[in-house]
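Notes for the one structure printed next.
The values are calculated or read from the model by the stated rules, or taken from the named source; none is laboratory data. Model, not experiment: these values are computed from the prediction. Neighbour counts run over all protein chains shown; Cβ positions are idealised from the backbone, glycine included. With ligands, DNA and RNA removed, areas are computed over all heavy atoms of the protein, side chains included. Shrake-Rupley method; radii C 1.70, N 1.55, O 1.52, S 1.80 Å.
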Amino acid sequence: MENKIDLAVNIAGLSLKNPVIAASGTFGFGREYSAFFDLSRLGGIAVKGLTLLPRKGNPPPRIAETPAGILNSVGLQNPGVHAFIDDEIPFLRRYDTAIIANASGNTVEDYEEMVRILSEADVDAIELNLSCPNVKEGCMAFGSTASGITRVVSRVRKLCKKPLIVKLTPNVTDICELACAAEAAGADALSLINTLLGMAIDAKTRRPILGNVMGGLSGPAVKPVALRMVYQVSKAVKIPVIGMGGISNGTDVVEFLLAGASAVMVGTAGFVNPYAWVQAIEGLEQYMVENNCWSVSELIGGLIL
């Protein structure tokens, strides 16, 4: 009897058929990409960032190409959590894939209400995006300090009935300090990295290219930083880590798994190649066959030093 490759992973109670997830903010709610491939191929979909009320986002231009990726300052444009529940979940449930709701807010109370609402919705997990402005604390990001993370995560933990994934920003001095704070406050898993803060300038006009001046850098340029942070965090915490940042193919997936990630999220690559997610899964499978590896668990944290 031939061995069968086992791509399945479990992230703190979140069962995925394979470790490749569509990253939040790059996949919308899946409708556009469903024209290219069967969304059931994916391990999961992290939907675009949601807020309590609809948001129009930042002024344009909101996307700028860079030599090895893109800058974005979309500003969490979304229809609001209730529209997501009413209009998008029924569409996503046509497919055999996990639904991860990405929750954002301006205040701790916003996050609490988002988690309360999403805990009663038909989603499989909640990803807490802590990189958004905190109006009550001078527009700083909650996720930039251990105390900020502790405050939000500990509060929403009491309300959350789903696996709780905390998404970490890389724009900090010590990513491990923040990861440990999230774990101690009750996070079930971590996802990292979010985008690196950057900017682009038009030398001819002498003006910023983005309407919001600065934006988040994603794509291949951030991959070495992301790999390093995933490696460090996976050593510092006991909860699962979901890695992302510049993943474009199956080899990239393997590298993040070896660094300690239990699953990965693919995002920016899909803007260049709408089949990037499927090809990443197929590339992972091919690598496993060629290396006589029959379970993804054999790769996780398997870096040889």
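Every condition in (1) part of a loop (DSSP other than H, G, I, E, B); (2) open to solvent by less than 70 Å² (accessible area, probe 1.4 Å); (3) within 30 Å of E290 (Cβ to Cβ) holds for K48 except the one numbered (3). Applying the selection to segment 152-211, what residues are touching a Cys at 6+ places or on another chain (Cβ under 9 Å) and among the acidic types (D, E)? Within segment 152-211, just D188 meets the criteria.
Quick check on Q279: is it touching a helix residue (DSSP H, G or I) at 6+ places or on another chain (Cβ under 8 Å) and more than 23 Å from V230 (Cα to Cα)?
Values: touching a helix residue (DSSP H, G or I) at 6+ places or on another chain (Cβ under 8 Å): yes; more than 23 Å from V230 (Cα to Cα): no.
Criteria not met by Q279.
It is to be established whether one or more residues within segment 229-238 are in a helix (DSSP H, G or I) and of a type in the set (S, T, N, Q). Looking through segment 229-238, at least one residue is in a helix (DSSP H, G or I) and of a type in the set (S, T, N, Q).
Applying a threshold of 7 Å to beta carbon distances and a minimum spacing of six or more residues, or different chains, the list of pairs starting in segment 32-60 at a residue that is farther than 16 Å from Y111 by Cα and ending at one that is open to solvent by 90 Å² or more (accessible area, probe 1.4 Å) reads F36/Y275; F37/Y275; S40/D96.
Of all the residues in segment 99-120, those that are in contact (Cβ under 8 Å) with a residue 12 or more places away in the chain, open to solvent by 10 Å² or more (accessible area, probe 1.4 Å) and either outside any helix (DSSP H, G or I) or acidic (D, E) (or both) number 6. Scanning segment 146-170 for residues that are surrounded by fewer than 17 Cβ atoms within 10 Å (Cβ to Cβ) and either farther than 22 Å from S24 by Cβ or touching a strand residue (DSSP E or B) at 6+ places or on another chain (Cβ under 6 Å) (or both) yields S147, S154, K158. Here the condition is being touching a residue at least 40 places away in the same chain (Cβ under 8 Å), surrounded by 22 or more Cβ atoms within 10 Å (Cβ to Cβ) and at negative phi; of V253, V278, it holds for V253 alone.
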